[in-house]
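Q: To start, I am sharing the structure in question, which I have written as C-alpha coordinates.
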Amino acid sequence: MSKVETGADVGRGSRPLSPHLQVYRPQITSVMSAFHRITGVGNSIGALLVAWWFIAAAVGEGAFGFIDGLMTSWLGHVVLLGFTFSVCYHLCNGLRHLLWDAGYGFELDQVKTTGIVALGAAGLMAVGLLLVGWLN
(Lines give C-alpha, C1' and ligand atoms only; values in the text may rest on other atoms or scores of the structure.)
Protein backbone atom coordinates (compact mmCIF):
# COMPACT_ATOMS: atom_id res chain seq x y z
CA MET A 1 0.00 0.00 0.00
CA SER A 2 1.19 3.46 -0.72
CA LYS A 3 1.00 6.40 1.65
CA VAL A 4 -1.92 7.83 -0.25
CA GLU A 5 -3.95 4.67 0.31
CA THR A 6 -3.40 4.60 4.10
CA GLY A 7 -4.07 8.30 4.56
CA ALA A 8 -2.58 8.31 8.08
CA ASP A 9 0.99 9.50 7.55
CA VAL A 10 0.84 11.69 4.45
CA GLY A 11 3.41 14.49 4.64
CA ARG A 12 3.92 14.13 8.37
CA GLY A 13 7.54 13.10 8.43
CA SER A 14 8.86 12.71 11.98
CA ARG A 15 6.61 15.31 13.63
CA PRO A 16 4.60 14.22 16.66
CA LEU A 17 0.90 13.51 16.15
CA SER A 18 -0.10 15.99 18.87
CA PRO A 19 1.58 18.50 21.18
CA HIS A 20 3.14 16.96 24.28
CA LEU A 21 5.46 17.79 27.18
CA GLN A 22 8.50 18.23 24.93
CA VAL A 23 6.77 21.05 23.06
CA TYR A 24 5.22 23.15 25.84
CA ARG A 25 6.91 24.88 28.75
CA PRO A 26 5.22 24.06 32.09
CA GLN A 27 2.96 26.85 33.33
CA ILE A 28 1.31 27.26 36.72
CA THR A 29 -2.06 26.16 35.33
CA SER A 30 -0.73 22.97 33.75
CA VAL A 31 1.37 22.04 36.79
CA MET A 32 -1.47 22.68 39.22
CA SER A 33 -3.91 20.77 37.03
CA ALA A 34 -1.62 17.75 36.94
CA PHE A 35 -1.02 18.01 40.68
CA HIS A 36 -4.78 18.25 41.29
CA ARG A 37 -5.27 14.97 39.44
CA ILE A 38 -2.38 13.32 41.29
CA THR A 39 -3.72 14.44 44.66
CA GLY A 40 -7.15 13.09 43.72
CA VAL A 41 -5.62 9.64 43.25
CA GLY A 42 -3.56 10.09 46.43
CA ASN A 43 -6.71 11.01 48.37
CA SER A 44 -8.36 7.78 47.22
CA ILE A 45 -5.37 5.73 48.36
CA GLY A 46 -5.20 7.63 51.66
CA ALA A 47 -8.91 7.08 52.26
CA LEU A 48 -8.39 3.34 51.76
CA LEU A 49 -5.57 3.38 54.32
CA VAL A 50 -7.71 5.24 56.87
CA ALA A 51 -10.62 2.85 56.21
CA TRP A 52 -8.26 -0.10 56.72
CA TRP A 53 -7.16 1.45 60.01
CA PHE A 54 -10.77 1.83 61.23
CA ILE A 55 -11.85 -1.62 60.04
CA ALA A 56 -8.84 -3.19 61.74
CA ALA A 57 -9.84 -1.44 64.98
CA ALA A 58 -13.29 -3.02 64.69
CA VAL A 59 -11.90 -6.48 63.89
CA GLY A 60 -9.62 -6.87 66.88
CA GLU A 61 -6.31 -6.24 68.56
CA GLY A 62 -4.19 -8.33 66.20
CA ALA A 63 -5.38 -6.64 63.03
CA PHE A 64 -5.31 -3.19 64.63
CA GLY A 65 -1.83 -3.72 66.09
CA PHE A 66 -0.37 -4.34 62.63
CA ILE A 67 -1.86 -1.32 60.85
CA ASP A 68 -1.44 0.94 63.89
CA GLY A 69 2.23 0.00 64.09
CA LEU A 70 2.59 0.73 60.39
CA MET A 71 0.78 4.07 60.48
CA THR A 72 2.52 5.31 63.64
CA SER A 73 6.00 4.46 62.34
CA TRP A 74 8.18 7.15 60.76
CA LEU A 75 7.12 5.93 57.31
CA GLY A 76 3.46 6.08 58.35
CA HIS A 77 3.94 9.63 59.58
CA VAL A 78 5.43 10.61 56.21
CA VAL A 79 2.46 8.99 54.43
CA LEU A 80 -0.01 10.79 56.73
CA LEU A 81 1.83 14.09 56.16
CA GLY A 82 1.54 13.61 52.41
CA PHE A 83 -2.12 12.60 52.72
CA THR A 84 -2.90 15.65 54.86
CA PHE A 85 -1.25 18.01 52.37
CA SER A 86 -2.96 16.20 49.50
CA VAL A 87 -6.42 16.70 51.02
CA CYS A 88 -5.69 20.37 51.81
CA TYR A 89 -4.32 21.08 48.32
CA HIS A 90 -7.21 19.30 46.62
CA LEU A 91 -9.68 21.33 48.70
CA CYS A 92 -8.02 24.69 48.03
CA ASN A 93 -7.58 24.05 44.32
CA GLY A 94 -11.17 22.77 44.15
CA LEU A 95 -12.35 26.09 45.61
CA ARG A 96 -10.31 27.84 42.94
CA HIS A 97 -12.11 25.76 40.30
CA LEU A 98 -15.45 26.73 41.84
CA LEU A 99 -14.51 30.38 41.33
CA TRP A 100 -13.76 29.59 37.70
CA ASP A 101 -17.10 27.78 37.36
CA ALA A 102 -18.79 30.94 38.61
CA GLY A 103 -16.97 32.95 35.92
CA TYR A 104 -14.31 34.66 38.07
CA GLY A 105 -10.53 34.69 37.93
CA PHE A 106 -9.75 34.02 34.26
CA GLU A 107 -7.29 36.87 33.76
CA LEU A 108 -3.68 35.68 33.57
CA ASP A 109 -2.56 37.59 36.68
CA GLN A 110 -5.59 36.27 38.61
CA VAL A 111 -4.84 32.70 37.54
CA LYS A 112 -1.26 33.00 38.79
CA THR A 113 -2.26 34.72 42.03
CA THR A 114 -5.02 32.26 42.90
CA GLY A 115 -2.68 29.37 42.12
CA ILE A 116 -0.05 30.67 44.52
CA VAL A 117 -2.70 31.44 47.14
CA ALA A 118 -4.18 27.93 46.82
CA LEU A 119 -0.74 26.34 47.20
CA GLY A 120 0.18 28.54 50.19
CA ALA A 121 -3.19 28.03 51.88
CA ALA A 122 -2.87 24.26 51.45
CA GLY A 123 0.56 24.31 53.07
CA LEU A 124 -0.66 26.43 55.98
CA MET A 125 -3.73 24.25 56.47
CA ALA A 126 -1.66 21.06 56.44
CA VAL A 127 0.87 22.44 58.94
CA GLY A 128 -1.98 23.73 61.14
CA LEU A 129 -3.77 20.38 61.11
CA LEU A 130 -0.57 18.50 61.89
CA LEU A 131 0.27 20.88 64.76
CA VAL A 132 -3.22 20.44 66.22
CA GLY A 133 -2.85 16.67 65.98
CA TRP A 134 0.67 16.71 67.37
CA LEU A 135 -0.13 19.00 70.29
CA ASN A 136 -3.20 16.99 71.37
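The values are calculated or read from the model by the stated rules, or taken from the named source; none is laboratory data. Fair warning: this is a prediction, and the values are worked out from it, not measured in the lab. Ideal geometry is used to build each Cβ from the backbone, glycine not excepted, and the neighbour counts take in all protein chains shown.
Q: Take the conditions in contact with a Cys (Cβ under 8 Å, 6 or more places away or on another chain) and either within 25 Å of Trp52 (Cβ to Cβ) or of a type in the set (Gly, Ala, Ser) (or both) and apply them to Gly123. Does it pass?
A: yes
Q: Scan Trp74, Trp100 and give me the residue that is of a type in the set (Phe, Trp, Tyr) and more than 21 Å from the chain's Cα centre (by Cα).
A: On inspection, the qualifying residue turns out to be Trp74.
Q: If you check Val111 against the conditions, is it among the aliphatic types (A, V, I, L, M) and under 15 Å from Gly42 (Cα atoms)?
A: The answer is no for Val111.
Q: Right, next: Tally time: how many residues in the stretch 81-136 are surrounded by 15 or more Cβ atoms within 10 Å (Cβ to Cβ) and part of a loop (DSSP other than H, G, I, E, B)?
A: 1
Q: Can you work out which of the residues in the stretch 2-43 that are loosely packed, with under 10 Cβ neighbours inside 10 Å and of a type in the set (S, T, N, Q) is modelled with the lowest pLDDT?
A: Per the stated criteria, the residue is Ser2.
Q: Turning to a different aspect of this structure: Check whether at least one residue in the stretch 90-109 is touching a Leu at 6+ places or on another chain (Cβ under 7 Å) and among the polar types (S, T, N, Q), and report yes or no.
A: no
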